[in-house]
1. What net charge is computed for the residues neighbouring GLU51, neighbours being all others with C-beta under 11 Å from the C-beta of GLU51, Lys and Arg scored +1, Asp and Glu -1?
2. Using 1/(1 + (r/R0)^6) with R0 = 22 angstrom and r between the beta carbons of ASP114 and LYS41, what's the FRET efficiency to the nearest 0.05?
3. Which log10 I(q)/I(0) values, to two decimals, does the range 3-114 give at q = 0.15, 0.17, 0.21 Å⁻¹ under the Debye formula with one point per Cα?
4. Order by neighbour count: LYS105, LYS44, fewest other Cβ atoms within 10 Å first, most last.
5. Among the listed pairs LYS44/LYS105; LYS41/LYS91; LYS59/LYS91; LYS63/LYS91, which are separated by more than 27 Å between their Cα atoms?
6. Compute the FRET efficiency between CYS89 and HIS68 as 1/(1 + (r/R0)^6), taking r as their Cβ-Cβ distance and R0 = 25 Å, and round to the nearest 0.05.
7. Based on the alpha-carbon gyration tensor of the range 55-116 and its eigenvalue square roots a ≥ b ≥ c, which shape applies: rounded if a/c is under 1.5, prolate if not and a/b is larger than b/c, or oblate?
8. Once label points are set 7 Å from the Cα along Cα→Cβ at both VAL100 and LYS7, what is their separation, rounded to one decimal in nm?
Amino acid sequence: MYDSGVKLVNDYTIIHSGLPSDNKTRNAHGVAICLDQTAAKVWKDSGSEWEAISERILKIRLKCSPIHMTVISIYAPVNPSNNLMADACDKFYEDLQETVNKISKEDMVVIMGDYNARVEEKQTNVCQCIGPFTVDKD
């Protein structure tokens, strides 16, 4: 289904998920998490737990002290401008929510990656955690 796996490249462990190589086009998607030697040791000592949810979502779990951590790498679709893209966008967010719902409530959750946010003109009266560039125009 997905071209996913774990590869050692020099001193880095790369966990990845994407479309199979026979299905790749310029529009292919993929995600990865790159661990240095220290993080890779923690991940391996934690049981090397990872899951390729899709070509856009990848999850790993690190058993840390004092709290375990689940890291989700994402490559979000661009906000839809037509119904075909809207279905793909909805599927992505449904898969992401389902992934988050399955994580232990005791874990710290980090979601990182490319959210494909559009940056437009500066806005006022916007929550500072989002930032002033939140307009989405078609």
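1. On the way: positive: LYS59, ARG61, LYS102; negative: GLU49.
Value of the local net charge: +2.
2. Working: r = 27 Å, r/R0 = 1.24.
In this case the efficiency is close to 0.20.
3. -0.68, -0.85, -1.18
4. Numbers: LYS105 5, LYS44 12.
Going from sparsest to densest Cβ surroundings: LYS105, LYS44.
5. Details: LYS44/LYS105 22 Å; LYS41/LYS91 34 Å; LYS59/LYS91 17 Å; LYS63/LYS91 29 Å.
LYS41/LYS91; LYS63/LYS91, as the Cα separations exceed 27 Å there.
6. Numbers: r = 30 Å, r/R0 = 1.22.
Rounded to the nearest 0.05, the efficiency is 0.25.
7. Numbers: a/c = 3.78, a/b = 2.51, b/c = 1.50.
Prolate, because a/c is 1.5 or more and a/b exceeds b/c.
8. Rounded to a tenth, the inter-label distance reads 3.0 nm.
A short reminder: the numbers here are calculations on the coordinates, not readings from a lab. Just so we're clear, the structure is a prediction, and the values are computed from it rather than from any experiment. Every residue, glycine as well, gets a Cβ built from its backbone with ideal geometry; the counts of neighbours run over all protein chains shown.
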